[in-house]
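What follows is one structure encoded as structure tokens, with my remarks underneath.
Each reported figure results from applying straightforward, stated rules to the coordinates on display, with no laboratory input. What you are looking at is a predicted structure, and each value in this text was computed from that prediction instead of being measured. With ideal geometry, Cβ positions are generated from the backbone for all residues, glycine too; neighbour counts draw on all protein chains shown.
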Amino acid sequence: MTELPADYRAFHQLYRGAYVHWAELYLGNRHDAEEAVDQAFEDLYFVWSDVLRAENPNAYAWAVVRHRTIDCARARGRRPTVIDTAVFETEALGRAVDPIGELELSLAVYKAICALPARQHDVIVLHYCLGFSVRETADIMGITQGGVRSTARHARHRLHQALGLQKEEEHR
């Protein structure tokens, strides 16, 4: 058996956990997430020299992981589970004065997140839902920190519009 290249092993060690975390939220269970991410890393291994020659290896890898995860969901006849998981794990529902109203709001928020363009969706999920820092989100997706901040700003604007919310400055 051939030993894996050191740079491939290091990349795998650095990003597999984050990729699985994102895929688990998307697929709804850990086993499927690990399978999708492991398939993505297998794909990456076979083109590793191309990945390293790419202008942005992290962005290349993120695209492979994202597509493998989506393919896994389709193969299992599933839709993304971000809505299902996030809504029912919200602690606020248990403490809410109006749990039904809170549930409706949560569903609207997650439906709006799912309707975002792919890059905005990923930034929102990685940064706000999964709690990765701006730097970590940038590293995972292979974009700049400024790109994360700008994409998040545009995504928040779209979410405000989708939810019929006004920014605080507009109230003044």
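What FRET efficiency, computed as 1/(1 + (r/R0)^6) with R0 = 30 Å and r the Cβ-Cβ distance, is obtained for His154 and Arg9, rounded to the nearest 0.05?
0.25
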Between Asp71 and Ala115, with labels modelled 7 Å along Cα→Cβ, what's the label distance in nm to one decimal, could you check?
3.0 nm
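Viscosity 1.002 mPa s, temperature 20 °C: Stokes-Einstein D of segment 1-80 from its Kirkwood Cα radius, in µm² per second?
Approximately 167 µm²/s, per Stokes-Einstein.
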Base-10 log of normalised Debye intensity for segment 119-165 (one unit scatterer per alpha-carbon) at q = 0.18, 0.25, 0.30 Å⁻¹
-0.46, -0.80, -1.05
Among Thr2, Ala75, Tyr19, whose Cα projects farthest towards the positive end of the dipole of segment 1-80, with charges put on the beta-carbon of Lys, Arg (+1) and Asp, Glu (-1)?
Ala75
Using label points projected 7 Å from each Cα along Cα→Cβ, tell me how many nm separate Leu107 and Gln39, to one decimal.
3.1 nm
